[in-house]
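Below: the structure, in structure tokens.
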Amino acid sequence: MARPARAYLSGEESRVVGFAEGLHLRLLQFAPYRGTIALGRRVGITGARFVIAIPYVWLLLFFLTPFLIVLAISFATPTEMVPPFSFTAFADGAINLAEAVGKYLFLFSDSLYVSAYLSSLRIAAISTVLTLLIGYPLAYGIARTSDRWRVPLLMLVILPFWTSFLIRIYAWIGILGETGLLNQVLQGIGLLDRPLSLLGTEWAIFFGIVYAYLPFMVLPLYATLEKMDLSLLEAASDLGARPFRAFLTVTLPLSLPGVLAGCMLVFIPAVGEFVIPDLLGGSETLMIGKVLSDEFFLNRDWPLASAVAVTMLVILVLPIVLFQRLRARQAEGEG
Amino acid sequence: MAIVDPARARRAPEPWNDPAAIPYVRIENVVKRFSDFSAVNDISLNIYRGELFALLGGSGSGKTTLLRMLAGFETPSEGRILIDGVDMAGVPPYDRPVNMMFQSYALFPHMNVEQNIAFGLKQDGLPKPQIAERVGAILDMVQMSQFAKRKPHQLSGGQRQRVALARALVKQPKLLLLDEPLAALDKKLREQTQFELMTIQEKVGITFVMVTHDQEEAMTMASRIAVMDRGEIVQVGTPNEIYEYPNSRFVADFIGSVNMYEGRLVEDESDHVVIDSPALGGTVYVDHGVSAAPGANVWLAIRPEKIKVSRTRPAGTHNITRGKVRDIGYLGDVSNYYVTLQSGETMEATLPNLVRLAEPAVLWDEEVWLSWEAENAIVLTS
């Protein structure tokens, strides 16, 4: 069958192309580039797939591989050598199961680890709730303010990131101490006659976590609140709902995805938080991040420390999976 | 809910012509200024009980601002609004006896159809059985009962429109506001929905105020229309009055198509006027008086469907002109003929295509005579 004559300008001449495509068309003149592209096509790699593959390769190299190493070490046996572990449980061709999973059994038999996990979960949960209670009004305020103020206010939320995390946590020692800023102010205005001893208590940890993770709560909340259709609130008001009722029945349920995302972003890292309890919490608060670091650096028991890390990951994967499920259901719901 | 016999309602009296009738909604000298411009400029308007009143205008005419002031989302900078005799100043939207159907419908995405409709009744603290009963009744009326458990995103545009209407109607407001109620529907559905809306309005007997930019929609549905332009009302009247007796060039041009020519008033009697129009190549005889002095500049408006096209010169001395057919727009039911007059101006004439597959009565480049009755020309002074 004869091909129809081209009635219009040929595609190459008339089409307006973007920068990347223009570069691609130009590079096609060179044989090596053409060859690579042809080879890629043959094995099924197109440009789009290549671009998507980059972050996956990155994650594979720098996240999955280290994790697999940690997982392997958790089945090893501690030694006094360098590195401080060996795979004696797998030495003779037969696997010594008791030795391999012994660390895991030990974790659950020693009350130190169980209570450290529970205490971490509890502290993270309370901190998450506190962060939500502070972050929601903040995000709401920013989302509802005039266009002119929104960007500066968001910048202020992100601004602390420009200083080192460690320095900011050290600063809280200065604020929370017995002769610290907070006590001085409270005593100065006559609210207290004796200084509060906050530093070294769980309260100091709450202060630290809420402060450090607030942006992670505010940003997803802001994103959902900002894109909310304001005519829904007008409709609620029109149908007789006072502002607070309208908030409870419309704004709050519609912002739940943001609430959930924010809570996950705060809760998950807070469970494994090490720096804040170490610097602000003192010796009596037990958190799994601190236990983990002690096992690694003080006891040099890498296999046990690895087992602690793997167990923590498993505990945290559960809420993440639930979260993803919920997200998927919502996405389906929004269709 | 007062059920009015639709047949009787269609022959509704015309309260706006009755000086003793008390307006249901009074808009008195209302001005709305935003920081740098005034969206609504000294509007006064009376709307009567049971009307389906349309605010018609282009974008920026202030029609939506006026509607939002009725709903309470905007407060007038000056003037006042009374609904059923009550001054609405300081009454927040949630306390007004007014409900609105939003252009985007604004259905709550996290609630199903039933919950959306029940929302307003719940705010009033009605007992549950009563809520269920009223929601059920209104779902029946808009024929959405089988979709009660669906979420808004599972509905088509037309179904969403019905839910939005049901949600606004279920509280039996004194006034229902509709912001471009049919704009989101496609043409076929729109035409069908127009009549459904009218039937429902007649059934429930609630006063409707509708904002639209679509003149056909306003003409079809409204009892009266207020044509708005740049924050002001240019004309208020029934669809018929607005179309046949526009009071200005703006209204004549905005509603339907019109041929408009400049002229000079040469003879002014109480029962007729004569206008000299160089564009039409002579004098035009109009059989109604106008309020302008002889010698004044006026505009002459003639609707395309009121113009006769013929190959031979029609009888009579007045209101006849000649030209050459430049374009023919075949629309199926009618054809539009664009005739270039000897003055160079264009006259549009619309002729119905009464016979199938007929050769056009008139062809391109043909010399034709155009004529119209003396009663069909409109003289405009502004």
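The values are calculated or read from the model by the stated rules, or taken from the named source; none is laboratory data. Note that this is a predicted model, so its numbers are computed, not measured. Ideal geometry is used to build each Cβ from the backbone, glycine not excepted, and the neighbour counts take in all protein chains shown.
Let's see how each residue does on (1) surrounded by fewer than 21 Cβ atoms within 10 Å (Cβ to Cβ); (2) touching a residue at least 40 places away in the same chain (Cβ under 8 Å); (3) hydroxyl-bearing (Ser, Thr, Tyr):
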{"position": "B:Met198", "(1), (2), (3)": "yes, yes, no"}
{"position": "B:Val204", "(1), (2), (3)": "yes, yes, no"}
{"position": "B:Thr212", "(1), (2), (3)": "no, yes, yes"}
{"position": "B:Gln215", "(1), (2), (3)": "yes, yes, no"}
{"position": "B:Thr220", "(1), (2), (3)": "yes, no, yes"}
{"position": "B:Ala226", "(1), (2), (3)": "no, yes, no"}
{"position": "B:Gly237", "(1), (2), (3)": "yes, no, no"}
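Beta carbons closer than 6 Å, at least 6 apart along the sequence or on distinct chains, pair a first residue in segment A:194-207 that is touching a residue at least 12 places away in the same chain (Cβ under 8 Å) with a second that is surrounded by fewer than 21 Cβ atoms within 10 Å (Cβ to Cβ) and of a type in the set (Gly, Ala, Ser) for A:Leu199/A:Gly177; A:Gly200/A:Gly282.
The residues of segment B:202-229 that are among the small types (Gly, Ala, Ser) and within 11 Å of the chain's Cα centre (by Cα), listed by number, are B:Ala218, B:Ala222, B:Ser223, B:Ala226.
The residue list A:Leu316, A:Leu279 contains one member that is assigned to a helix (DSSP H, G or I), in contact (Cβ under 8 Å) with a residue 12 or more places away in the chain, assigned by TED's automatic domain parsing to the domain that holds A:Leu121 and not small (Gly, Ala, Ser), which is A:Leu279. Condition check: modelled with pLDDT under 95 and more than 14 Å from chain A (Cβ to nearest Cβ). Does B:Gly125 satisfy that? When the stated conditions are applied, B:Gly125 does not pass them.
Only residues that are surrounded by fewer than 20 Cβ atoms within 10 Å (Cβ to Cβ) and closer than 22 Å to B:Val251 by Cα: list them for segment B:46-63, please. Once the filter is applied, which keeps residues that are surrounded by fewer than 20 Cβ atoms within 10 Å (Cβ to Cβ) and closer than 22 Å to B:Val251 by Cα, segment B:46-63 yields B:Asn46, B:Gly58, B:Ser59, B:Gly60.
Criterion applied to B:Ala132, B:Ala106 was being small (Gly, Ala, Ser), within 14 Å of chain A (Cβ to nearest Cβ) and either out of contact with any Leu (no Cβ under 9 Å at 6 or more places or on another chain) or under 22 Å from B:Ala184 (Cα atoms) (or both), and the one residue passing it is B:Ala106.
Every residue, every condition in (1) under 18 Å from B:His213 (Cβ atoms); (2) more than 16 Å from the chain's Cα centre (by Cα); (3) in the same structural domain as B:His213 (by TED's automatic domain parsing), yes or no:
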| residue | (1), (2), (3) |
| --- | --- |
| B:Ser35 | no, yes, yes |
| B:Ile43 | yes, yes, yes |
| B:Glu51 | no, no, yes |
| B:Ala54 | yes, no, yes |
| B:Gly58 | yes, no, yes |
| B:Leu66 | yes, no, yes |
| B:Ser77 | no, yes, yes |
| B:Ile83 | no, yes, yes |
| B:Asp87 | no, yes, yes |
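Scanning segment B:95-116 for residues that are over 14 Å from B:Arg167 (Cα atoms) and assigned to a helix (DSSP H, G or I) returns a single hit, B:Asp95. Filtering segment A:203-245 to residues that are within 14 Å of chain B (Cβ to nearest Cβ) and among the hydrophobic types (A, V, I, L, M, F, W, C) leaves A:Met228, A:Leu230, A:Leu232, A:Leu233, A:Ala235, A:Ala236, A:Leu239, A:Ala241, A:Phe244.
Residues of segment B:275-289 that are in contact (Cβ under 8 Å) with a residue 40 or more places away in the chain and crowded, with 16+ Cβ neighbours inside 10 Å: B:Ile275, B:Ala279, B:Leu280, B:Val284, B:Tyr285, B:Val286. Checking the structure you have, find out if any residue of segment B:77-98 is within 14 Å of chain A (Cβ to nearest Cβ) and hydroxyl-bearing (Ser, Thr, Tyr). Yes: one or more hits. Just one of the numbered conditions (1) in contact (Cβ under 8 Å) with a residue 40 or more places away in the chain; (2) of a type in the set (A, V, I, L, M); (3) surrounded by fewer than 17 Cβ atoms within 10 Å (Cβ to Cβ) is not true of A:Met217: (3).
Determine whether segment B:161-173 contains at least one residue that is among the polar types (S, T, N, Q), within 13 Å of chain A (Cβ to nearest Cβ) and within 30 Å of the chain's Cα centre (by Cα). Yes, that holds for at least one residue.
A:Ser255 meets all of the listed conditions (1) away from chain B (no Cβ under 14 Å); (2) in contact with a helix residue (DSSP H, G or I) (Cβ under 6 Å, 6 or more places away or on another chain); (3) surrounded by 22 or more Cβ atoms within 10 Å (Cβ to Cβ); (4) of a type outside the set (Val, Ile, Thr) but one, namely (1). Name the residue, out of B:Asn112, B:Asn46, B:Asn41, that is within 14 Å of chain A (Cβ to nearest Cβ) and in contact (Cβ under 8 Å) with a residue 12 or more places away in the chain. Only one candidate passes the filter, namely B:Asn112. Of everything in segment A:191-233, what is farther than 18 Å from A:Pro253 by Cα and aliphatic (A, V, I, L, M)? Give them in sequence order. A:Leu191, A:Leu192, A:Leu196, A:Leu198, A:Leu199, A:Ala204, A:Ile205, A:Ile209, A:Val210, A:Ala212, A:Leu214 - these are the residues of segment A:191-233 that are farther than 18 Å from A:Pro253 by Cα and aliphatic (A, V, I, L, M).
Among the residues of segment A:298-305, none qualifies, meaning not one is surrounded by fewer than 17 Cβ atoms within 10 Å (Cβ to Cβ), in a loop (DSSP other than H, G, I, E, B), charged (D, E, K, R) and within 14 Å of another protein chain (Cβ to nearest Cβ). Is segment A:323-332 home to any residue that is surrounded by 15 or more Cβ atoms within 10 Å (Cβ to Cβ) and either within 14 Å of another protein chain (Cβ to nearest Cβ) or of a type in the set (D, E, K, R) (or both)? No, there is no match, as no residue in segment A:323-332 is surrounded by 15 or more Cβ atoms within 10 Å (Cβ to Cβ) and either within 14 Å of another protein chain (Cβ to nearest Cβ) or of a type in the set (D, E, K, R) (or both). For segment B:22-80, what are the residues that are of a type in the set (Val, Ile, Thr) and part of a loop (DSSP other than H, G, I, E, B)? Selection gives B:Ile22, B:Thr75.
When you check B:Phe119 against the structure, is it at pLDDT 95 or above, over 18 Å from the mean Cα position of the chain (by Cα), in a helix (DSSP H, G or I) and within 14 Å of chain A (Cβ to nearest Cβ), yes or no? Against the criterion (at pLDDT 95 or above, over 18 Å from the mean Cα position of the chain (by Cα), in a helix (DSSP H, G or I) and within 14 Å of chain A (Cβ to nearest Cβ)), B:Phe119 qualifies. Residue pairs whose Cβ atoms lie under 7 Å apart, sitting 6 or more positions apart in sequence or on different chains, and linking a residue in segment A:135-154 that is β-branched (Val, Ile, Thr) to a partner that is in a helix (DSSP H, G or I), are A:Ile142/A:Arg150; A:Ile142/A:Leu153; A:Ile142/A:Leu154; A:Ile142/A:Tyr222; A:Thr145/A:Leu153. The strands (runs of 3 or more DSSP E) found entirely in segment B:245-347 that carry 3 or more residues being over 27 Å from the mean Cα position of the chain (by Cα) are B:259-268, B:273-277, B:282-286, B:308-310, B:320-330, B:334-341.
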